[in-house]
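Scroll down for the structure; my scribbles are underneath it.
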Amino acid sequence: MRALEAASGRAGVPPGQLLEHAGLSIARSAEHLTGGARGRTVLALIGKGNNGADALVACGHLARSCGWGVRLCLTQTRGGDPHLAWINDPDLTGLVEVALADDPEIIPNRLADWLGASDMVLDGLLGIGASGPARGAVRAILEVCDRFRAQPGQFRIAIDVPSGVDAD
């Protein structure tokens, strides 16, 4: 993954454009896996890095283009993040729920409910730059996810690598 990102940079592809393409590709994969059905629900687990941004871009596409409901579980605030701007779109009112993982109600109660009621789960917590064991909110989210295996018909997509798996 690092080599591909470096090659893209050498070819003159700006990082923001690479991120937009990644998010769109993730959204298209989600659409394909679910047969292109409208009105699905996606739960995105959002970390602080580029994987979280990829997931945010994908969710924006799914909400705007496919009418999917979006639930965002963020490990921390992403103040000023341009990849979150779409959640303020008045056309998406009622389609988007956002929660911070440091809210005691989120883990494990609401996250467990969201996991059970979502058609798709996007893992944008940790990526290729992560090292060592998961900590803090990321660890708490992964512990809840480990207890709730995918339901029949539910898809889980890891962006780059599944969180907690050493990319090296």
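The values are calculated or read from the model by the stated rules, or taken from the named source; none is laboratory data. Values in this document were obtained by computation on a predicted structure and should not be read as measured data. When we count neighbours, we look across all protein chains shown, and the Cβ atoms used for this are built from the backbone with ideal geometry, even at glycine.
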Under the condition of being closer than 16 Å to residue 158 by Cα and without any contact (Cβ under 8 Å) to a residue 60 or more places away in the chain, which residue from the stretch 30-42 is surrounded by the most Cβ atoms within 10 Å (Cβ to Cβ)? 31
Could you identify the single residue in 25, 8 that is farther than 23 Å from residue 93 by Cα, among the polar types (S, T, N, Q), at pLDDT 95 or above and surrounded by fewer than 16 Cβ atoms within 10 Å (Cβ to Cβ)? 25
Do we find that residue 45 is under 16 Å from residue 127 (Cα atoms) and surrounded by fewer than 16 Cβ atoms within 10 Å (Cβ to Cβ) in this structure? no
Any idea which residue in the stretch 85-102 is farthest from residue 59 (Cα to Cα), counting only those that are touching a Lys or Arg at 6+ places or on another chain (Cβ under 9 Å) and assigned to a helix (DSSP H, G or I)? 91
Can you find, within the stretch 101-122, the residue that is surrounded by the fewest Cβ atoms within 10 Å (Cβ to Cβ) among those that are among the charged types (D, E, K, R) and either under 20 Å from residue 67 (Cα atoms) or modelled with pLDDT of 85 or more (or both)? 113
Scan the stretch 45-69 for residues that are in contact with a Leu (Cβ under 8 Å, 6 or more places away or on another chain) and farther than 18 Å from residue 128 by Cα and jot them down. 57, 58, 59, 61, 63, 64, 67, 68, 69
Please pick out the residue among 165, 138 that is in a loop (DSSP other than H, G, I, E, B), more than 14 Å from residue 43 (Cα to Cα) and β-branched (Val, Ile, Thr). 165
Which condition breaks for residue 150 when tested against (1) surrounded by fewer than 16 Cβ atoms within 10 Å (Cβ to Cβ); (2) hydrophobic (A, V, I, L, M, F, W, C); (3) touching a Phe, Trp or Tyr at 6+ places or on another chain (Cβ under 8 Å)? (3)
Select from the stretch 60-79 the residues that are hydrophobic (A, V, I, L, M, F, W, C) and closer than 19 Å to residue 138 by Cα and write down the one among them that is surrounded by the most Cβ atoms within 10 Å (Cβ to Cβ). 73
Can you name the residue in the stretch 141-162 that is part of a loop (DSSP other than H, G, I, E, B) and under 21 Å from residue 54 (Cα atoms) and, of all such residues, is modelled with the highest pLDDT? 159
